[in-house]
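Here's the structure we're looking at; comments come further down.
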Amino acid sequence: MKKLLIGNDAVARGAWEAGVRVVASYPGTPSTEITECMAKYPEPHVEWSTNEKVAAEVAIGASIAGARSMSCMKHVGMNVMADPMFTVSYIGANGGLVFCVADDPGMHSSQNEQDSRHYAKASKIMMLEPADSPECKEYTKAAFELSEKYDTPVIIRLSTRVSHSQGLVELCDRVEQPLKDYEKNPAKNVMMPGNAIKRHVVVEERMAALAAYAEECPFNTTEVNTDKIGVITSGVAHMYAKEALGDKVSYLKLGMVYPLPEKLIKDFVAKHEKVVVIEELDPVIESHCRALGLEVVGKDAFTLLGEYTPTMIKKVVLGEEGAEFAEIGETIPVRPPVMCAGCPHRGTFYVLKKLGLTVSGDIGCYTLGAVAPLASVDTTVCMGASVSGAHGMAKARGAEFNKKLVAVIGDSTFMHSGITGLIDIVYNKGNNTVIILDNSITGMTGHQDNPTTGFTIRKEPTKQVDLELLAKAVGVERVVVADPFDLKDFERVVKEETEADEPSVIIAQRPCALLKTVKYTGHCKISDKCKKCKLCMKLGCPAISVRGDEVVIDETQCNGCGLCVNVCPFGAIEKED
Amino acid sequence: MTKNIMIVGVGGQGTLLASRIIGNAVISEGHDVKISEVHGMSQRGGSVVTYVKFGDAVYSPVIDRGEADIILAFEMLEAYRALPFLKKGGKMIVNTQRIDPMPVITGAMEYPENILEKLSAKADITSVDALSIAKAAGNTKAVNVALIGVMAKNTEIAYDVWEKVLRETVPEKFLEANLKAFKAGYEL
């Protein structure tokens, strides 16, 4: 039976068919659906871990204990889990161990555009790269086999267009894999110098064996159509090339992107007058070709930036233009993402902006607090950096600066890596104010549970981390819970806490408006009491706009959260049922 | 020959579900199909673009400028933005809904005037008040299915196939309103 699946669901299907027993991940676009889909299958243990490092370690432990296991993440999540990854390369795999990483060329939902193929090379771990949904399933299944055969972790590399494109996938049954025996084996599993020195030798032998395998790997395929132009591709770039170039060129499609084959590439290059390497992001395959002394066209003709398109490829390789198209002929407004109508963060950022505070920001929906009109967030680096970064800012600029400084971080992000920063503040005598934006869910990635929600990925009730107690337990004595929609009170709390000469935590508590449990009713309406002061426009609510001279609320956009009612100084906004 | 359908709108309007309904209708006709979706940040009230491509063998999941046979636009400004993607001789179906983007809300830019007239001058467009159709059908969220109804008439896929896919895709409690909205769109 064939079914339409996004690449991520196909990866999950492949892992399930391969008999995976433990899957642990932290959400991150574009990788999130792999693990969500995994949780629809009853057999494996599936979890949202607190962060990618923890998730990878859960998978590593399960592998050592004999189970096929997997951990999935977005590209920047691989940075977080890089520490165990580099060392488990030495340990290898007992039960098949697969890491699945999704890059985001074009940065649809990311803070950078890094190319995770560098990690394969740096950590000496085999990497496969599927180009569409059927390959996602096939490669993932094979990854478990290869992991066990070569005693190595295997990385599956995806990109946004592979993760989030649907294709027809042939479904097969699950083949149960019995647990492999677990035997205490410190020489392999305890990585201290004496053991690791010996294991490094094994790693290099394995790399040689994998390099030999790359020459015959069924995922590295050649299609010869001409002796004029050959293209070397991998991943979705291959699909773009096929569409753009058809049978006018020959193809060497590399499904195994680390280690790369030598002879296969040399033979392919030798058969063609000109060879073009087509790969999004960094020149990884191209550099390999050049190191082999081969003359190829690569980033000298293609960009290092963003996603490729068939038209771009057609132009570079064949010198042909794309299809004719109509121009718009005027500059039109962009439509950047915004906080949803009813978003609890809107109240928080309205107050922070009003108070003119410096805001050390973090990763989540609330990163949108950086855009107009709220334009409140000053910095965003990575998960957790709001808390530790604010500490650094305060230490650099002193007590007065700190009184106008807050860190903002979501509940899930705080669990991920904010708590360590908070401990650092307390330990190192910082006085920062940290606002935990507790919207009862992991929002941006599409509503995943986390340790503060009280539910597992399978929606089973579980222990719930109490943020208030947690902050107190690490030594923060000033912990205040406040509602960001009670603007007056929230402003008072922020003023008091930033004035205090000790560390403080404000838990801004109001659930995400998109949660099914949140039942705002009716909608807001502007009455004839409106003085057109446009203070409500400062909220940046997508439902409120100006048409001609009138301020209006779009019923289809408004969910009746009532924040604008609280903002209007003339009582001109009313709630209707 | 690959047929390309592009669906554009504003995050939250139900474009993703629309692409899945179209995709499932297409596969029941035995085509190869690829659908490219957008998840994550850009869904938060931003411009959302999904592609449905079908034919004997589909490679690239994305549609380039000048290559869309049909553009299904859920909002006027997004229709205008998508104009360069329309194939010469292609068809655009435009919902007459207007949703102001943030640069317009903050007053930094103006919402373009007379979009429908400007589009008509350059392309074959059908404008539809899908919100009214959805309201009349009993659920304002059925805008997406009303628009699919309008589009369905421009495909070779039979009415029954669409209805079957809707029954399989739409949750029971919204099904009646969605079937009504689809029919109203189809018969427009």
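Readers should treat all values here as calculations from the given coordinates under stated rules, not as data from a laboratory. Remember, it's a predicted structure, so these values are computed and weren't measured experimentally. Here the Cβ is made from the backbone with ideal geometry for all residues, glycine too, and neighbour counts use every protein chain on show.
Structure notes:
- Placing a pseudo-label 7 Å from each Cα along the Cα-to-Cβ vector at A:Ala82 and B:Lys141 gives an inter-label distance of 4.2 nm.
- Projected area, mean over directions - the stretch A:2-216, Cα convex hull, nm²: 11.1
- Proportion of all alpha-carbon pairs of the stretch B:3-186 beyond 30 Å (%): 13
- Sorted by Cβ neighbour density within 10 Å, fewest at the top, the residues A:Arg68, A:Arg157: A:Arg157, A:Arg68
- Total formal charge among the other residues, if their Cβ is under 14 angstrom from that of A:Glu327, Lys/Arg +1 and Asp/Glu -1: +3
- The order of B:Leu116, B:Leu179, going from fewest to most other C-beta atoms within 10 Å of their C-beta, is B:Leu116, B:Leu179.
- Chain A: relative contact order in percent, alpha carbon pairs under 8 Å with at least 6 residues between: 11
- Other protein chain Cβ atoms within 10 Å, averaged over every residue that makes up B:28-39: 5
- Over chain B, Cα pairs under 8 Å with separation of 6+ residues give a relative contact order of 20 percent.
- Nonlocal amide H pairs with A:Val275, under 5 Å, H built at 1.01 Å: A:Gly230, A:Val297
- Coordinate range along principal axes, alpha carbons of the stretch A:220-318, Å, largest first: 31, 27, 22
- For GluC sites (Glu not before Pro), the sites in the stretch A:181-257 that DSSP calls loop and that have at most 16 other Cβ atoms within 10 Å are A:Glu183.
- Most mobile listed residue (B:Met102, B:Met76, B:Met92) in chain B, GNM with C-alpha springs under 10 Å: B:Met102
- Other residues lying with their Cβ under 15 Å from the Cβ of A:Ala375 contribute a combined charge of +3, Lys and Arg counting +1, Asp and Glu -1.
- This ranking places A:Ser49, A:Ser123, A:Ser527 by how few other beta-carbon atoms lie within 10 Å of each, fewest first, which gives A:Ser527, A:Ser123, A:Ser49.
- Each of A:Asn428, A:Thr380, A:Leu467 was placed along the dipole of the stretch A:379-487 (beta-carbon charges, centred on the mean Cα), and the one lying farthest toward the positive end is A:Asn428.
- Extreme residue, positive dipole direction of the stretch A:220-318, given options A:Thr226, A:Pro283, A:Pro259 (C-beta unit charges): A:Thr226
- Per-residue ellipticity at 222 nm computed for the protein assembly as shown from its helices equals -10500 deg cm²/dmol, with DSSP H segments shorter than 4 residues left out and the rest contributing -39,500 (n - 2.57).
- Note that the stretch A:1-96 shows a convex hull volume over its alpha carbon atoms of 89 Å³ per residue.
- Global form of the stretch A:523-576, assessed from the alpha-carbon gyration tensor, a/c cut-off 1.5: rounded
- Highest-fluctuation residue, B:Thr50, B:Thr126, B:Thr15 considered, GNM on chain B with Cα pairs under 10 Å: B:Thr126
- Within the shell defined by Cβ-Cβ distances under 11 Å, the residues around A:Gln111 carry a net charge of -2, with Lys and Arg each +1 and Asp and Glu each -1.
- Considering only Cα atoms, the convex hull volume of the protein assembly as shown works out to 170 Å³ per residue.
- A Cβ-based charge dipole, computed about the Cα centre of the stretch A:2-216 with Lys and Arg at +1 and Asp and Glu at -1, lands at about 360 debye.
- Sparsely packed GluC sites (Glu not before Pro) within the stretch B:1-92, loop by DSSP, other Cβ within 10 Å at most 13: B:Glu29
- Ordered from longest to shortest, the equivalent ellipsoid semi-axes for the stretch A:345-509 are 23, 18, 15 Å, each the square root of 5 times a Cα gyration tensor eigenvalue.
- Here chain A is assigned +1 on the Cβ of each Lys and Arg and -1 on the Cβ of each Asp and Glu. Its dipole about the Cα centre then comes out at about 800 debye.
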